[in-house]
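Please read the structure below before turning to the comments.
The values are calculated or read from the model by the stated rules, or taken from the named source; none is laboratory data. These figures come from a predicted structure and were not determined experimentally. Please note: Cβ atoms are built from the backbone with ideal geometry, for glycine as well, and neighbour counts cover all protein chains shown. Please note that ligands, DNA and RNA were not included when accessible areas were found on the heavy atoms of the full protein model with its side chains. Shrake-Rupley method; radii C 1.70, N 1.55, O 1.52, S 1.80 Å.
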Amino acid sequence: MEELFSRLPDALLGWYREHRRDLPWRRDREPYHVWLSEVMLQQTRVEAVRGYYARFLAALPTVEALAAADPDALHKLWEGLGYYSRVRNLQRAAQVVVEQYGGRFPETYEAVRALPGIGDYTAGAICSICFGLPTPAVDGNVLRVTARVDASFQPVSDPKVRRAVAARLAAVYPAGACGDFTQSLMELGATVCVPNGPPRCEACPCRGFCRGLAQGCAGELPVKAAKRERRVEPWTVFLLRCGGRTAVVKRPEKGLLAGLWAFPSTPGRLSPQEALDWAAARGLRPLALEKSVERQHIFTHVRWEMVGYYLDCAAEAPAFTWVTDAQLSAEIALPTAFRMFRQ
């Protein structure tokens, strides 16, 4: 019996070359560019990434520049993209490329996969797009496409299912067009076989052999395991002002938002009087509670329910770093959970 996936290259390659979006990271096959774009695109929309990608490369045009970058400057370039471990791993991997490979990206799947922060998907994308290797990049888009084409009700969140899809795709990769095939699967999932709303089957180059379409079940696929309920954590955040400067603090090196700048905060929800007492106990000599606001931020497995207190203080306690508004805008990278208190 014919392997259904063997029909994908013929269906997708011509369609992709005609319909692909003009994205800046598709204009060359420089590994640094492809790698950067794939990391930025994790958990982030294409349109949001365009500006970040251009600014990042303008500031750090080479792997060597990334390897040598000041971490705070690096975080500032990444500010707003979230999942800051991605950019820390980018720098660690760049340092390995410089130290072990003389600044030239390794060209085998095993060596690329061994770099810090690079998993199966990113290694597959780099090796197929940049080096023409038959290495699938299996992400949510690709799993959705293959589940619908195959009318598969196996849960795509199961690692065994992901590995099986990768193996079946690897066996049908077209010689000389590996990069385009990888990107055609991504493109189909992003623009036609879409995640939100019904698939656009009338525009799909796979409609002639898609079992999900033929069986009328494409809209029910893919099957995903039930999401784990997020735990809720209350936090109190402090916007402390003194003489035109604002207090910031580096977060611990482990845990959520590790090592990033933030506004001072404490677990739990303090009342207004408790907030004033908290500030007084730290030598801030609070003069007035100007206002309070409620904010919420959702991480993968936890939701922060936050109250923010804006305090005018008479003393700059040495436990904090005090910065001007200009420094806060130009030099200090605040993660979204804290940056929202500036708005």
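Quick notes on this structure:
- Peptide packing: for 218-228, 254-264, the average count of neighbouring Cβ atoms within 10 Å per residue gives the ranking 254-264, 218-228, highest mean first.
- With all protein chains modelled, accessible area of S184 [1.4 Å, Å²]: 0 Å²
- Taken over the stretch 50-191, the ratio of Cα radius of gyration to 2.2 N^0.38 Å equals 1.15.
- Zone residues, the stretch 19-62, relative to T191, backbone N less than 15 Å from point 7 Å out along Cα-to-Cβ: 19-27, 46-47
- Between helix 140-150 and the chain there is an angle of about 30 degrees, using the helix long axis and the longest principal axis of the Cα atoms.
- Spin-label pair D158-A319: with each label point 7 Å from Cα along the Cα-Cβ axis, the two points sit 5.1 nm from one another.
- Counting 0.36 nm for each residue step from A226 to A280 and taking away their Cα separation leaves a gain of 14.9 nm.
- When you restrict to C-alpha pairs under 8 Å that are six or more residues apart and normalise by the size of the stretch 120-211, the relative contact order lands at 33 percent.
- For the stretch 1-72, the list of GluC sites (Glu not before Pro) that fall in a loop by DSSP and count at most 12 other C-beta atoms within 10 angstrom reads E2, E3.
- Per DSSP, loop GluC sites (Glu not before Pro) in the stretch 234-317 with at most 14 further Cβ within 10 Å: E253
- Violating pairs (Cα-Cα greater than 27 angstrom) within the set K76/K160; K76/K254; K160/K227: K76/K160
- Normalising the average separation of contacting C-alpha pairs (under 8 angstrom, six or more residues apart) by the number of residues puts the relative contact order of the chain at 16 percent.
- Given R0 = 45 Å, the distance between the Cβ atoms of V249 and R17 translates into a calculated FRET efficiency of 0.30.
- Label-to-label distance, nm, for residues given as A114 and R86 (7 Å Cα→Cβ offset): 2.6 nm
- Placing +1 on each Lys and Arg Cβ and -1 on each Asp and Glu Cβ, with no other charges, gives the stretch 21-154 a dipole about its Cα centre of roughly 340 debye.
- Full extension of the segment from R27 to R200, taken as 0.36 nm per residue of separation minus the current Cα-Cα distance, would add 59.6 nm.
- Relative to the longest principal axis of the Cα atoms of the chain, the long axis of helix 8-19 lies at roughly 60 degrees.
- One decimal place: the segment V302-L287 gains 2.0 nm when fully extended, by the rule 0.36 nm per residue minus the C-alpha distance.
- Under-5 Å amide H pairs with G132, H placed in peptide plane, nonlocal only: G179
- Relative contact order, percent, the stretch 190-253 [alpha-carbon distance under 8 Å, six or more residues apart]: 15 percent
- Sparsely packed trypsin sites (Lys or Arg not before Pro) within the stretch 43-109, loop by DSSP, other Cβ within 10 Å at most 15: R45, R104
- The stretch 74-121 versus the stretch 203-243: alpha-carbon centroid distance in Å: 26 Å
- Between A175 and T336, the simple spin-label model (points 7 angstrom out along Cα→Cβ) gives 4.5 nm.
- Within the accessible area of the chain, the carbon and sulfur atoms contribute 51%, probe 1.4 Å, all protein chains present.
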